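Worksheet: the structure to be examined is printed underneath.
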Amino acid sequence: MGKRSCRLQQETIYRELEDVSSKEWEFIDMSEQEEDLIHRMYRLVGDRWGLIAGRVTGRKAEEIERFWIMSYGEYFAEKRLKREAGCSGRATS
């Protein structure tokens, strides 16, 4: 391995360490139209977030992917339930 490939590997590792943990993510609010479009596009093209983001005005691929993970990922299921219970509890008060 040359110096260049070693340096690229070190940069990649450093970037991975800089990434924000998914535990710290904020929920992204999407309109019903945006959610519907994301669902339909996901069924058509799968997890090609850049392609989907191109169809959802004003959203980045990272936002779309984070929304999808937080809406349908198993890890966030408990947080979703708490959030929904909190929202419905405030609406009835």
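Computed from the coordinates by the stated procedures, all read-outs in this text should not be read as laboratory data. Note that the coordinates shown come from a computational prediction; the quantities given were computed from them, not determined experimentally. Because the Cβ atoms are built from the backbone with ideal geometry, glycine has one as well, and the counts that use them run over all protein chains shown.
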Quick check: residue separation of Thr57 and Glu74 times 0.36 nm, minus the Cα distance between them. What number comes out in nm?
3.4 nm
Based on the mean of other beta carbon atoms within 10 Å per residue, what is the order of 46-53, 62-69, most packed first?
62-69, 46-53
